[in-house]
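One structure below.
The values are calculated or read from the model by the stated rules, or taken from the named source; none is laboratory data. These figures come from a predicted structure and were not determined experimentally. So basically every Cβ, Gly included, is an ideal-geometry build from the backbone, and we count neighbours across all protein chains shown. Surface areas here come from the heavy atoms of the whole protein model, side chains and all, with no ligands, DNA or RNA. Shrake-Rupley method; radii C 1.70, N 1.55, O 1.52, S 1.80 Å.
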Amino acid sequence: MASDDVLERTVSVGGLRLFVRERGEGHPLLLFNGIGGNADMWGTAGDMLACCSRTISIDSPGTGRSDTSMFPLPMQSLSRFVLAVLDELGYERVDVMGFSFGGALAQQVAFDAPARVRRLALVSTGCGWGSRLGSLSAMAAIATPVRYFSTEWYALTNRLLGESDDASDFTLGRFTHPPTPLGYAYQMWALATWSSRRWLHRLQAPTLVVSGGRDRLVPVENAIQLARLLPQSRLHILPAAAHMLMYYQGGVAPLLLADFFSSDTLEGSRAWRDGVDLDGIEVREVA
């Protein structure tokens with residue numbers, strides 16, 4: 001069981017009030033959710049990660065209980081906001097995990113402040129421009145924030161993402177603290193104008209890359225691309241999983257992440273040892 005020691009606060013950065021939740025004990029672990037997501041949505045995955053880490057969940061501008069910015073913020077600006085929050089909280093060096101949209105922000109933070117990131121995990125994500133696009137139906141499913149306002153639409157669009165009806169660990173936080181339409185649009189813009197491909201090879205943090213083999217939004221080729229370009233990485237492909245694998249009931253992904261972040265050394269992490277090292281293996285690049 002995770003520690004019940006939960007600390008919630010609002011941190012003012014750059015004229016915006018950002019909601020932050022800290023939970024658990026251990027090395028600090030920064031969690032970035034998918035587009036429109038908030039701190040209340042981590043559910044079972046959050047419980048598992050807080051068993052071995054001091055998790056830090058930040059609602060991005062325009063999501064959850066954070067303010068919406070007046071203007072769209074590029075990924076670089078979002079990264080600066082995150083680093084300023086860490087300064088306010090007193091954390092010098094952290095682990096970072098990013099899911100989907102949050103994976104892009106995680107990459108940007110690791111690039112902007114390499115000395116402050118011990119380990120990195122990228123889940124159901126890609127490098128932005130230069131990555132393999134998802135299916136048209138899957139991209140259409142997330143084009144608007146309606147998924148955060150209608151349970152019926154959420155179920156329908158999950159099928160377009162490749163999910164089965166009973167896959168996701170349903171959390172009320174998705175609907176009690178939805179993103180603002182403007183905040184959601186700003187996140188879409190930030191992702192659409194961003195790419196890490198030209199500098200991925202410079203990220204030095206050991207990185208665990210996790211992807212679902214049935215992901216229609218961020219196809220598995222993107223995880224292979226990330227693992228290929230990152231200088232120190234291990235890859236896990238979960239064949240039966242789709243995009244929302246972080247939220248599965250009894251899912252494997254949170255177990256891999258908990259092991260990776262809690263191990264004292266990389267060699268002591270089974271998730272790291274059992275992951276695929278693509279260094280030296282010929283893999284066709286994503287066109």
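Summary table below
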{"quantity": "Residues (in contact with a Gly (Cβ under 9 Å, 6 or more places away or on another chain) and assigned to a helix (DSSP H, G or I)) located in segment 219-241", "calculated": "220, 221, 222, 223, 225, 226, 227"}
{"quantity": "Filter result (open to solvent by 30 Å² or more (accessible area, probe 1.4 Å), of a type in the set (D, E, K, R) and out of contact with any Asp or Glu (no Cβ under 6 Å at 6 or more places or on another chain)) within segment 124-159", "calculated": "152, 159"}
{"quantity": "Residues (open to solvent by 10 Å² or more (accessible area, probe 1.4 Å) and out of contact with any Phe, Trp or Tyr (no Cβ under 6 Å at 6 or more places or on another chain)) located in segment 257-271", "calculated": "258, 259, 262, 263, 264, 265, 267, 268, 270"}
{"quantity": "Odd one out for residue 152 among (1) within 23 Å of residue 227 (Cβ to Cβ); (2) without any contact (Cβ under 8 Å) to a residue 40 or more places away in the chain", "calculated": "(1)"}
{"quantity": "Any chance residue 88 is within 20 Å of residue 38 (Cβ to Cβ) and of a type in the set (D, E, K, R)", "calculated": "yes"}
{"quantity": "Some residue of segment 185-205 being under 15 Å from residue 97 (Cβ atoms) and in contact (Cβ under 8 Å) with a residue 40 or more places away in the chain", "calculated": "yes"}
{"quantity": "Any hit, segment 31-44, residues being more than 29 Å from residue 202 (Cβ to Cβ), polar (S, T, N, Q) and surrounded by 23 or more Cβ atoms within 10 Å (Cβ to Cβ)", "calculated": "yes"}
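Quick grid of which residues meet (1) open to solvent by 30 Å² or more (accessible area, probe 1.4 Å); (2) β-branched (Val, Ile, Thr); (3) within 16 Å of residue 124 (Cβ to Cβ); (4) modelled with pLDDT under 95:
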site: 221; (1), (2), (3), (4): yes, no, yes, no
site: 227; (1), (2), (3), (4): no, no, yes, no
site: 241; (1), (2), (3), (4): no, no, yes, yes
site: 244; (1), (2), (3), (4): no, no, yes, yes
site: 252; (1), (2), (3), (4): yes, yes, yes, yes
site: 255; (1), (2), (3), (4): yes, no, yes, no
site: 278; (1), (2), (3), (4): no, no, no, yes
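Conditions (1) outside any loop (DSSP other than H, G, I, E, B); (2) without any contact (Cβ under 8 Å) to a residue 60 or more places away in the chain; (3) of a type in the set (D, E, K, R), marked per residue:
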residue	(1), (2), (3)
20	yes, no, no
25	no, yes, yes
48	yes, no, no
54	yes, yes, yes
62	no, no, no
69	no, no, no
72	no, no, no
85	yes, no, no
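For (1) more than 15 Å from the chain's Cα centre (by Cα); (2) assigned to a helix (DSSP H, G or I), each residue gets a yes or a no:
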position	(1), (2)
189	yes, yes
198	yes, no
204	yes, no
211	no, no
